[in-house]
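Working notes, beginning with the structure itself.
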Amino acid sequence: IKDRCHRYGVKTLWVGEEILSESISQSLKGQSFQVQIPPHQPLKLKTRLAGTHQVMNAAVAIGVGESLRRLGFRISSEAIIRGIENTLWPGRFEVISIRPLVILDGAHNPASAQVLVKTLREILPEKRVTLILGISMDKDKRGIAFELQKIAQRIIFTRANHPRSCDCTLNELRDLFPKKDLIKTQDVPEALNAALEKITDDEALLVSGSLFVVGEARRYLMKIGILVPASVRCEHGSLE
């Protein structure tokens, strides 16, 4: 990328070089951080998106805004702050309920699963995790399982209602998740019902492995009243 930009005279802004970012604090509600592109003063920001990787994503977006400003576009610091604060990303470490604690994350490859594990360890270091997992056939199920087994004590395997959904025998699941409490279900509602019957106040329920599974989980949780519509959840106090 650097070579191509140099060849065509494209000016670059690199996170970690021209764009400086720093995470300040984070919780289930989101995080505070700052981004600076010298010679400008640091921008103090808040986002509802969890995970230090989202600080880097925000820094990239702010760098794009700065590049547009240098081309003559009018983009105020207030607009950037407001845009970052109002950003929602359904299915990416989406905390949809506190009691019970339910998190949706559509991590569907080893890299995104690794980031998910890192975020859980940062925000919920002491929580036991029940994992509802569904994976598509064309994904690296062993790589995803290798990462997610690091934080899950109980795995409930399921399938989305989609032709690409992967199925696994119990023996295959025992190979992927040795020494873990395993349950196999036929569909997402069955998996959620099984999890909600078992989960306690000191546990978190994580739904992951596939955006298809996460999408079905959102719809079912809304149907049974655990997930409220996004227009309601956008209020800052809704996760108290």
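One line per residue, one yes/no per condition, for (1) without any contact (Cβ under 8 Å) to a residue 40 or more places away in the chain; (2) within 30 Å of Pro42 (Cα to Cα); (3) open to solvent by 50 Å² or more (accessible area, probe 1.4 Å):
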| position | (1), (2), (3) |
| --- | --- |
| Ala59 | no, yes, no |
| Ile62 | no, yes, no |
| Gly65 | yes, yes, no |
| Arg74 | yes, yes, yes |
| Ile84 | yes, yes, no |
| Ile96 | no, no, no |
| Ile103 | no, no, no |
| His108 | no, no, no |
Note to self: As an exercise: evaluate Gln114 against (1) part of a helix (DSSP H, G or I); (2) open to solvent by less than 50 Å² (accessible area, probe 1.4 Å); (3) touching an Asp or Glu at 6+ places or on another chain (Cβ under 9 Å) and give the number of the one condition it does not meet.
What the structure shows: (2)
Next item on the list: State which residue is farthest from the chain's Cα centre (by Cα) when the search covers only the stretch 37-62 and only residues that are hydrophobic (A, V, I, L, M, F, W, C) and in a loop (DSSP other than H, G, I, E, B).
Entry: Ile37
Margin query: Going through Ile144, Ile151, Ile183, Ile155 one at a time, which residue ends up being farther than 17 Å from His108 by Cβ and open to solvent by less than 70 Å² (accessible area, probe 1.4 Å)?
Written below: Ile183
Note to self: With the structure loaded, tell me whether Glu17 is without any contact (Cβ under 8 Å) to a residue 24 or more places away in the chain and either crowded, with 19+ Cβ neighbours inside 10 Å or of a type in the set (D, E, K, R) (or both) or whether it fails that test.
What the structure shows: yes
Notebook entry, point to check: What is the residue count in the stretch 186-211 for residues that are closer than 19 Å to Val95 by Cβ and either free of Cβ contacts under 8 Å to residues at least 40 places away in the same chain or open to solvent by 40 Å² or more (accessible area, probe 1.4 Å) (or both)?
Noted result: 5
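The values are calculated or read from the model by the stated rules, or taken from the named source; none is laboratory data. It should be emphasised that the depicted structure is a prediction, and the values quoted were computed from it without experimental measurement. Positions of Cβ are backbone-derived with ideal geometry, glycine not excepted, and every protein chain shown enters the neighbour counts. In case anyone asks, the SASA skips ligands and DNA or RNA and just uses the protein heavy atoms, side chains included. Shrake-Rupley method; radii C 1.70, N 1.55, O 1.52, S 1.80 Å.
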